[in-house]
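Visitor: The structure under discussion is supplied below as structure tokens; questions concerning it will follow.
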Amino acid sequence: MNIPQSKNPRIVIIGGGFAGIALAKQLKNKNVQVVLLDQHNYHNFQPLLYQVATGGLEAGSIAYPIRKVIQEYDDFYFRLTTVQEIDTANKKIIAEIGELNYDYLVIATGSKTNFFGNKEIMRNSMSMKTIPQALNIRSFILENFEQAVLTTDKVEQNSLINFVLVGGGPTGVELAGALAEMKKAILQKDYPDLDISKMQINLIQSGDRILNTMTEKSSAAAEQFLVNLGVKVWKNVRVTNYNGRTITTNSDLVFDTATVIWTAGVQGAVVAGLNGDALVERVERIRVNEFSQVKGYTDIFAIGDIASMETAVFPQGHPMMAQPALQQGALLGKNIIRLIAGKQLEPFTYNDKGSMATIGRNKAVVDLPNYHFSGVFAWFVWMFVHLFSLIGFKNKAVVFLNWVYNYIRFDREGRLIIRPFRKRSFTTFTSDEI
């Protein structure tokens, strides 16, 4: 990998997401050599991916170059690659571009979409965990409308403008709200020769309420917002299959649709090489102790979505969200320096700052530790928190100006098919093309 030798201990970080970047910032100029590896050369602000997918923002406004983050860090290196395996016996990682030894290894690979073993759903639906996937969704949605104005077959036309979102978590709820607002204010202007009133937005949730990690009050408020926007919310319904045309469920419900966006679950993006005791197989997460050390190792750590730190309060590990990742990354940076100096490590305690979701214009729900509210004020809180969390002043300014413009004009000018995306068939494309 062409990394120079150093007198300082070498820390290798796999992953440039929330956890990896938080750790990197904490290790700035700390008499250690740090090598950060990622399959992309940018940090992706995942909470706003749905706005890229629905034309509200361009991809560049929620991405930030990793090399720019670390350009003033001493003895700090970035390599663009995918890590294939960890050789724990020889303390090295094996990647596409070569091998690299480490003194300390941090796994911050995040999560990926969980299709729960259903290969046909994985082949035929779309997921939204990365910027390329969000751009694919945006192109596919717009291409479906372009195709809908060409066909005279009403069944085919209805299938093209019928959208099904599987999963009632924040991603599914926010995406459903954004699509509903497009239907209300934009698509009828773009496609005057198409009966947009026939467009359906269906949100399927396997449990008895959406946003089930939030309070019941916020869940109920979010559902009412969606219903008022025209979204059909189906609860206690589990999708059993999707062949590219028809969704079947565990009930009598059947959906005829060309577009299924799967947001029903996530699992850890595990790297091969760790011992079996360290893995939680069902969700593909890595067991760690209160210091983020991987079970069975003292020099390997895992943080963020990939880490399962089982505690009395969180018996299945912390929620796979940005805040635990940021806090774990920041503390681990301090703890590794303590470890190198022979000092005692500080255990991790999660500071739950709350959760929130937006359902559209002037509509959001916010759960803070002592307050729960919804509506316009919650929407402003949601905007402020997300703006503040973006990396880079330019990104903050661009996103803010886009939001102001979209609010005033009732518009989303990112409705561009920059990279055309079309399924070759309903059964032949691979998950890499999703």
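Visitor: Taking a ≥ b ≥ c as the square roots of the Cα gyration tensor eigenvalues, with a/c under 1.5 meaning rounded and otherwise prolate when a/b beats b/c, else oblate, which class fits the range 32-122?
Guide: Details: a/c = 2.99, a/b = 1.30, b/c = 2.31.
Taking the square roots of the gyration eigenvalues as a ≥ b ≥ c, the range 32-122 is oblate.
Visitor: If you count, for each residue, the other Cβ atoms within 10 Å and average over each peptide, how do 298-309, 388-399, 224-235, 45-56 line up from highest to lowest?
Guide: Ranking the peptides 298-309, 388-399, 224-235, 45-56 by packing returns 298-309, 45-56, 224-235, 388-399.
Visitor: Based on the mean of other beta carbon atoms within 10 Å per residue, what is the order of 14-26, 241-253, most packed first?
Guide: Working: 14-26: 25.5, 241-253: 14.8.
Peptide ranking by packing, descending: 14-26, 241-253.
Visitor: Further question: At a probe radius of 1.4 Å, what is the per-residue accessible area of Arg287, in Å² to the nearest 10?
Guide: Here the accessible area works out near 70 Å².
Visitor: With mean projected area of the Cα convex hull in nm² as the read-out, I listed (i) 21.2; (ii) 19.2; (iii) 24.9; which label goes with the value calculated from this structure?
Guide: Calculated mean projected area of the Cα convex hull in nm²: the matching label is (i).
Visitor: Per the helix-only calculation at 222 nm, which mean residue ellipticity applies to the chain, given -39500 (n - 2.57) for every DSSP H run of n ≥ 4 and division by its residues, nearest 500 deg cm²/dmol? Each step should come with its number before you reach the end.
Guide: Working: 12 runs with 133 residues, N = 434.
It lands at -9500 deg cm²/dmol.
Visitor: Place a point 7 Å from Cα of Asp352 in the direction of its Cβ. Which residues in the range 371-399 have their backbone N less than 17 Å from it?
Guide: Residues 371-373 fall inside that zone.
Visitor: Continuing with the same structure: Mean shadow of the range 257-335, computed from the convex hull of its alpha carbons, in nm²?
Guide: Numbers: hull surface 27.1 nm².
About 6.8 nm², averaged over all directions.
Visitor: Taking a virtual spin label 7 Å from the Cα of Asn101 along the C-beta vector, which residues in the range 27-44 bring their backbone nitrogen under 16 Å of it?
Guide: Of the residues in the range 27-44, 33-35 have backbone N under 16 Å from the label point off Asn101.
Visitor: Nearest 20 debye, what's the magnitude of the dipole of the range 178-262 about its Cα centre given +1 on Lys and Arg Cβ and -1 on Asp and Glu Cβ? Mind dumping the intermediate values first?
Guide: Values: 10 positive and 9 negative charges, 22 e Å.
Dipole of the range 178-262, to the nearest 20 debye: 100 debye.
Visitor: Let me ask something additional. How far apart, in nm, are two points set 7 Å out from the Cα along the Cα-to-Cβ line at Lys232 and at Asp87?
Guide: According to this spin-label approximation, the distance is 5.6 nm.
Visitor: Next up: Per the 1.4 Å probe, what fraction of the accessible area of the chain, in percent, lies on carbon and sulfur atoms? Write down the numbers at each step before the final one.
Guide: Working: 10070 of 19630 Å².
For the chain, the apolar C and S fraction of the accessible surface comes to 51 percent.
Visitor: Starting from the Cα-Cα distance between Ala220 and Lys396, subtract it from 0.36 nm times their residue separation and give me the gain in nm to one decimal.
Guide: On the way: separation 176, 0.36 × 176 = 63.36 nm, distance 3.11 nm.
Between Ala220 and Lys396, full extension yields 60.2 nm more.
Visitor: Considering only Ile141, Ile66, Ala53, whose Cα is most displaced toward the positive end of the charge dipole of the range 46-150, charges sitting on Cβ of Lys, Arg (+1) and Asp, Glu (-1)?
Guide: Of Ile141, Ile66, Ala53, it is Ile141.
Visitor: For the residue pair Arg282 and Thr240, what label-to-label distance in nm results when each label sits 7 Å from Cα along the Cα-to-beta-carbon direction?
Guide: Placing both labels 7 Å along Cα→Cβ, they lie 2.2 nm apart.
Visitor: Can you tell me which aspartates and glutamates have their Cα less than 12 Å from the Cα of Lys353? Leave out same-chain residues fewer than eight positions away.
Guide: Answer for Lys353, where 12 Å is the Cα cut-off: Asp367, listed by chain and number.
Visitor: Could you give the angle, 0 to 90 degrees to the nearest 10, between helix 131-148's Cα long axis and the longest principal axis of the Cα atoms of the chain?
Guide: Taking Cα atoms only, the helix is inclined about 10 degrees.
Visitor: What order, most packed first, do the peptides 378-384, 290-296 have when packing is the mean number of other Cβ atoms within 10 Å of each residue?
Guide: Ranked from most to least packed, the peptides come out as 290-296, 378-384.
The values are calculated or read from the model by the stated rules, or taken from the named source; none is laboratory data. Since this is a predicted model, take the numbers as computed values, not measurements. Positions of Cβ are generated from backbone atoms using ideal geometry, with glycine treated the same way; all protein chains shown enter the neighbour counts. Note: areas computed on protein heavy atoms with side chains; ligands, DNA, RNA excluded. Shrake-Rupley method; radii C 1.70, N 1.55, O 1.52, S 1.80 Å.
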